[in-house]
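Here the structure comes first, spelled out in structure tokens, and everything after it is commentary.
The values are calculated or read from the model by the stated rules, or taken from the named source; none is laboratory data. Just so it is clear, the structure is predicted and the values come from calculations on it, not from any experiment. Cβ coordinates were reconstructed from backbone atoms using ideal geometry, including for glycine residues, and neighbour counts include every protein chain displayed. Surface accessibility is based on the protein's heavy atoms, side chains included, excluding ligands, DNA and RNA. Shrake-Rupley method; radii C 1.70, N 1.55, O 1.52, S 1.80 Å.
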Amino acid sequence: MPAGSPAEIHCRNCTKLAKITGFDKMEGRYRLLHHQLYRFPRSESLLAGAEHRTFTGQRLMREKYPSTPLAARLLVLWAALAFGGSAAEAIVVMNLDPTANYAAPNDTSLPEFAGHTDPGWANITQRGVYLGNGWVLSANHTFDSSTTQDKFRDEAFDIVPNSTIRLKNTALLTNAGYTTNADLKLYRLNSQSQFDGTPEQVVSVDGSTIQRLSIGHSRMSTNKEVVVMTEGRIRSNSDLVYWTGDKTSDPTWQGQTDCIGCFNSSDPDQYAPSNRQLAVGYQISQTTSGYAWGTNKVESSSQIAQRLEDFKSAGSGYYLLDDSVDTVAQGFYFDDYEFTLDGTRTPTSGGGNEMQAAAGDSGGGIFSWNGSSWELNGTMLAVANYIHSGYAKAIHQDNGSGDDIVYGDLNVFADLSYYSSQIEAYISAPEGYEWAGTGDDTRFFSLVNREYGYDSTGNLVQLSAGVWGDINLDGVVSGDGTGSWEDDDVTAFAQGWGWEQASGDMFSWKRGDLNQDGVTDWSDFALLRQGIAETTGAQLSFAAVVGGSGVTVVPEPGSAALLAGLASLGFGWCWRKRQKPSVQ
């Protein structure tokens, strides 16, 4: 090839070849590190007596290196976000110029999905993915006792106290000794003010608005293309970076600010002599945060299980990440790339949308197109890389610039198809109030301590129906009418008595419309009375609650007899729930 002429370097779906990090020639297995902030980049690319192949467009260059034993370790994405730190690490894309990946995808940046390029760009929060109507799904380990808020870009929302829900594993897993709880959590967001400011009302990004998301019901097949979206710190620059480290038990890493010579076919020893390791990738900014998206393809779970000892078959085609908290999962690699090289064999453009998560990126969303609409199929959980079994440190621990991303990293995400029925049970209306309308159901139910689980045969069952009456969304059902709206549900009900609107939503709930028919009336009082009795043992008096608060009691037409009946019975249970027809 003439000096100075451009060249192409391609490695599209080349999983059967040794890639730039030589992944498929590696020996050894992963080992899971529990709850530790270590990431072990797969830095041994000159390895195991294998051929390290660099694609040069017309031919392959082969470089032989001594055989070395390999082991591997996995990092679960606890990182800064998990324990009160700043934003999570954002995904990293291979593009030398990732600008398009920091804005909503469009037909130009995501041409393979032209015409329907937005899986849920505005739905991504600092901690997880907003499903709609106040619900957010995330990884459980992104929370601690101090977590009280979530954010969309610069819009902050309080998490409703006592609304967090741990998703559970089925009896199939628990009977086999795996944990009852999975590493997944649902929680509810409040509005920004008492009667205004839901995410649907205030969040709009790059022309993308909040949408109601659907959970995928089927496990994704191998090679299924996905779009991944997260929020957090981004790359420090657009330059490829390479590191070399000596092959000792305590290696010293030498990082370079650019990748000049990384693909030099004339003198590979200038950047990777046989006594040193090589890793190529990107550095992460320690100061700049942002949203990012990228693409990848689902890897064969059986292949991952061969390399990751804590990734095991759970039966029926499912696999799980067997950590201190066990979660049914799938995964993919950071391994498809395409660069244009200049005459000095330095990458000048390209890379593609292939993405890789970084430490702290838990909770991000994995989306797929089912042929007619987008589905949320996964929640990011973990990353993993190889390191020589005798090495004690990973690249990012030594170069002083924080986490680094190298080609060949492994991503593990929760397989939401396994938990879809459970998620949908929680975000749906309580039994007896099923939706029979058309379009989005805006009704807002927030029952305290509502719980689902699985019976011995694996069927989803309701363990607790929950307690009605948390009108002010402070996480408890309490009050006697003497407190303020903010701390007394009885006062909140009295202030909302007689409210009417076309249909129920969060704001009618906050006015006492517990059955979500759009009107705060007698049937809502019965639900509040039931909830107060279950929580405190007190028996509410309607006259004291409504009439005694200075509100003129004007019964609805036809309800005077009901009021008299309630009075004669001490407001007992002479009432019927106003129910919506069941959906067949």
- Accessible surface, 1.4 Å probe, highest first, among residues 116, 141: 116, 141
- By average C-beta atoms within 10 angstrom, highest first, the peptides 436-442, 327-333: 327-333, 436-442
- FRET efficiency, 1/(1 + (r/R0)^6) with R0 35 Å, evaluated for residue 373 and residue 288 via beta carbons: 0.55
- Distance between Cα centroids, region 168-245 to region 457-529: provide it in whole Å. 29 Å
- Message: For a Förster distance of 41 Å, can you work out the FRET efficiency between the beta-carbons of residue 145 and residue 224, rounded to the nearest 0.05?
- Response: 0.65
- Query: Residue separation times 0.36 nm, minus the C-alpha to C-alpha distance between residue 176 and residue 486: what's the value?
  - Reply: 107.0 nm
- Spin-label point model (7 Å from Cα, Cβ direction): what's the residue 460 to residue 424 distance in nm? 0.7 nm
- Task: Filter the cross-link list 168/224; 168/510; 168/312; 168/297; 151/510 down to pairs whose alpha-carbon distance in this structure exceeds 24 Å.
- Result: 168/224; 168/510; 168/297
- Taking all protein chains together and a probe of 1.4 Å, list 497, 121 from the most accessible to the least accessible. 497, 121
- Query: Protein chains only, probe 1.4 Å: how do 322, 206 rank by accessible area, largest first?
  - Reply: 206, 322
- Can you pull the accessible area of residue 461 for me, 1.4 Å probe, Å² to the nearest 10? 50 Å²
- Relative pair counts by distance (%), Cα atoms of region 453-547, 10 Å bins: 18, 47, 22, 11, 3, 0
